[in-house]
Structures are given as C-alpha cells and as structure tokens.
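Computed from the coordinates by the stated procedures, all read-outs in this text should not be read as laboratory data. Predicted model, so just to flag it, every value in this text is computed and none were measured. Positions of Cβ are backbone-derived with ideal geometry, glycine not excepted, and every protein chain shown enters the neighbour counts.
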Amino acid sequence: MKVLITAGATYERIDPVRFIGNYSTGKMGFALAETCAEHGFEVVLIAGKVNLQTQHAGIQRIDVESAEEMYNAVMENFTDCDIAIWCAAVADFTPEKVYSEKVKRGQDDLIIRLKPTKDIAAAAGKIKRENQILIGFALETNNEELNALSKMQRKNLDMIVLNSLKDSGAGFGCDTNKVTVFKKNGEKISLPLMSKKEVAEEVVKEIENISTFAPKKK
C-alpha cells in the first residue's frame, strides 16, 4: 500500500530574506514516515522546511517550501495513494505581494495584506476515492475536541489526531506528544504522553485496523 504523508512547516515569502512561518519541526510527520516504512508501506513524504533526514530506504522524499508547492506536490501524488496522512503545519495565509528586493526600514509602518492558501486536506477530501483512507492532525489551543471533530467532518477524514498546546510536552519542537485519536465511527482513543515515535506506532496501528489490507512489517 502507498502512503502519502505531509510534514513540517511551510514558509510564505515576504521578500528574499523574510517569510511567514510557524514553529513546526516536522518531527511527528517524519516519525510517521519512518514507522510506515518499517511496517512495509510504500511511503511518499512531502516535507516542508525542516532540519531532518529520513533513515529508511523505502521513503521517497519530496522537499517543498510554500503552501502552494506542497499543494501541487500532494495533487501530483494523491490519486494513486491508498492512505494519506496530513501532518504538516501548512500556512493558512500567504502574502498577496512578494517583494523582489529586501524591504528596507524607513517608513512608519508596513502593511502586508494576506490571502488564503489552498486547503490541501479539503481539496483531497473532495476527490477522495471510496477505498482511500485520510488521516488528519489537529493542533488546537481552545475547544480542542469540538474543533478536531469539525475538521474531520469538513475535510472528509476517516481519523483525526488531536493534540493541544496546553499539554506540557506536546506540540511544536518536542520529542514527545500527547494525543487523542478520533475515528469517523465515533471511537475515541486517548494516549498518554509518549515519544513521537511511540505515537507514530499507535497511529499506524489504528490505520491498519481500519484499512482493508496492511503489509507485513519489515
């Protein structure tokens, strides 16, 4: 089975030296890619701006920078994947204007107008085949469960993995994570704080439970 995974942050350029970004390191997405490959899946990893290397030879890595580049890479690889895991922290907005030269200090203020980026998960959910499995991640700061369940429904996901910035040891930059898994069938699985590799193992196990076929672990 072929698994498509997105990981890391996107950078939305303002000028040649500045960008809008976020604190995602890609550790969770890379842990998922390594675990899926270890379980025998064919893995395509679309990585945003990260400082990580893949280890397993079975991972095909595609590096991108912006939300637009990630969207295009996903659309090129989505139709023939069996499972997609949306783990990247994709920017929701990007500057309307990108300056060709470095913007200099000297004016009282600088107004940067933003426009929405393409919603990768929603776009994929609209063209999802009946036998495809889509997994989302939700990092929330308030109304966590309600927002995660709403995202799962709106984006036609089969499962969503929720974590909160309110939980110590979870979120951006950590080697650990504390998540709750929600399935479309109403099942809820709360996991304790554990390493992101251990979280990846649990998530892949749940994916295998809802898939019609799982390859043998290598």
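Numbers at a glance
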quantity	calculated
Given (1) part of a loop (DSSP other than H, G, I, E, B); (2) closer than 23 Å to Lys196 by Cβ, number of the condition Lys102 does not satisfy	(2)
Index of the failed condition, Phe137 passing every other in (1) under 18 Å from the mean Cα position of the chain (by Cα); (2) surrounded by fewer than 20 Cβ atoms within 10 Å (Cβ to Cβ)	(2)
Test for Ala31: is it under 16 Å from the mean Cα position of the chain (by Cα), outside any loop (DSSP other than H, G, I, E, B), among the small types (Gly, Ala, Ser) and under 18 Å from Ile207 (Cβ atoms)	yes
Residue count, the stretch 59-91 (criterion: over 21 Å from Arg129 (Cβ atoms), within 12 Å of the chain's Cα centre (by Cα) and not in a helix (DSSP H, G or I))	4
Neighbours by Cβ (under 6 Å, 6+ apart or cross-chain): first from the stretch 77-103, of a type in the set (A, V, I, L, M); second assigned to a loop (DSSP other than H, G, I, E, B)	Ala88/Gly8; Ala88/Gly48; Ala89/Asn22; Ala89/Ser24; Val90/Thr10; Ala91/Thr10; Ala91/Thr117
Among residues of the stretch 42-58, those that are crowded, with 18+ Cβ neighbours inside 10 Å, out of contact with any Phe, Trp or Tyr (no Cβ under 6 Å at 6 or more places or on another chain) and not in a loop (DSSP other than H, G, I, E, B), counted	5
